[in-house]
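The values are calculated or read from the model by the stated rules, or taken from the named source; none is laboratory data. Since this is a predicted model, take the numbers as computed values, not measurements. Heads up, the Cβs are rebuilt from the backbone with ideal geometry, glycines too, and the neighbour counts pull from every protein chain shown.
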Amino acid sequence: MNKLNTILAGALAATLLCGSALAQDVTMRIHQMLPAQATIPASAIEPWAKAVEEQSGGRIKFELYPAMQLGGAPPALFDQAKDGVVDIIWTVLGYTPGRFPKSEVFEMPFLVTSAEATSVAFQKYVEANAMDEFEGVHLIAVHTHGPGLFHTQNPVTKLEDLAGMKIRGGSRVISDMLGRLGAEPIGMPVPQVTEALSKGVINGTTIPWEVTPSLKVAELVKNHTGFTGANGLYTQTFAFVMNQASYDALPDDLKAVIDANSGVEVARAFGQAMDAGDVGGLKIATDLSNNIVTLDEAETARWKAAAQPTIDQWFSDMEALGVDGRALYEQATAMVAAESAQ
């Protein structure tokens with residue numbers, strides 16, 4: 001009888017230990033909008049997931065779902081994480097206009113420098129000023145892409161050339177800027193750009209170099225226009241966030257692994273991936289002998305003046321919300337300049 005009791009006690013202990021181990025293992029689903037081979041999925045999200053898996057001793061595992069494979073449209077991604085439809089998402093904040101008003105400051109014309117410097121500045125800015133915009137999710141990191149530019153069917157060599165062109169804009173702020181520059185802005189998520197260009201729905205698009213390979217943009221249009229100076233025309237803001245309940249359910253040691261792979265250094269890594277992607281995208285267009293235009297300093301100054309009302313309008317929008325937009329803009333530009341000087 002004693003022997004039987006010993007066997008049963010041992011089996012019970014083994015069962016409890018097994019259940020405890022299982023309770024501490026987790027598989028998380030990461031959902032995002034771009035093909036798996038695109039810059040951020042391949043060069044930022046996948047390495048991040050591998051690092052977390054390794055540092056957790058294999059107790060955290062990830063399933064990667066690119067190109068909206070789990071359903072929905074790109075603007076729904078943030079709520080998929082917030083509502084627990086998936087565990088982690090990567091998305092463009094500008095796909096949900098008005099939801100992240102203080103974060104919009106990084107979309108202002110001619111603020112961006114490199115993706116790395118601007119992403120680090122953006123992460124620090126959000127931590128200081130805009131964490132309330134991420135209530136309901138656990139923020140891993142925010143970041144930006146590098147300088148956005150024009151990719152068009154017909155060449156753009158001066159401000160007047162943009163008049164009447166149907167140009168894709170990726171956010172409320174960018175579309176406002178395009179309208180003030182003389183274009184007809186067409187808002188759409190970036191995965192729709194390839195089809196829109198090929199069918200003539202748009203005459204061109206604003207995107208950085210890094211995303212052009214996955215969208216085949218250099219094959220669809222032959223003209224690319226950028227600007228002189230340290231600051232590019234615009235950038236978009238991105239967020240990599242986790243469902244709050246998924247984070248809260250982790251034991252403390254696994255939370256520590258997520259925490260160690262969050263924040264400024266993750267923003268930096270995502271920005272570095274974007275900068276490297278810009279180099280690759282530019283090379284493809286160059287190898288295709290496309291027409292690559294860099295507007296000179298005088299012409300760039302004309303575009304800056306034409307885009308200034310977008311900044312002024314954002315100040316007014318912020319004032320209506322009871323927020324000092326001018327102070328946030330000054331802080332953002334100073335942070336970008338400081339990081340760019342490193």
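Across the range 193-201, a minimum of one residue is classified as under 24 Å from V173 (Cβ atoms), buried (at least 22 other Cβ atoms within 10 Å of the Cβ) and not assigned by TED's automatic domain parsing to the domain that holds P75. Here's a check for you: in the range 112-155, which residue that is buried (at least 24 other Cβ atoms within 10 Å of the Cβ) and over 29 Å from A341 (Cβ atoms) is nearest to the chain's Cα centre (by Cα)? Per the stated criteria, the residue is H151. Here is a check on your reading of the model: is P213 in contact (Cβ under 8 Å) with a residue 60 or more places away in the chain and assigned to a helix (DSSP H, G or I)? Considered against the rule, which asks whether it is in contact (Cβ under 8 Å) with a residue 60 or more places away in the chain and assigned to a helix (DSSP H, G or I), P213 comes out as yes.
Across the range 112-142, what is the number of residues that are out of contact with any helix residue (DSSP H, G or I) (no Cβ under 6 Å at 6 or more places or on another chain) and assigned to a loop (DSSP other than H, G, I, E, B)? So the answer is 1.
It is to be established whether one or more residues within the range 168-191 are assigned to a loop (DSSP other than H, G, I, E, B) and of a type in the set (S, T, N, Q). Yes: the range 168-191 contains one or more residues that are assigned to a loop (DSSP other than H, G, I, E, B) and of a type in the set (S, T, N, Q).
Being touching a residue at least 24 places away in the same chain (Cβ under 8 Å), farther than 23 Å from P155 by Cβ and more than 17 Å from the chain's Cα centre (by Cα): is that true of N231 here? Criteria not met by N231.
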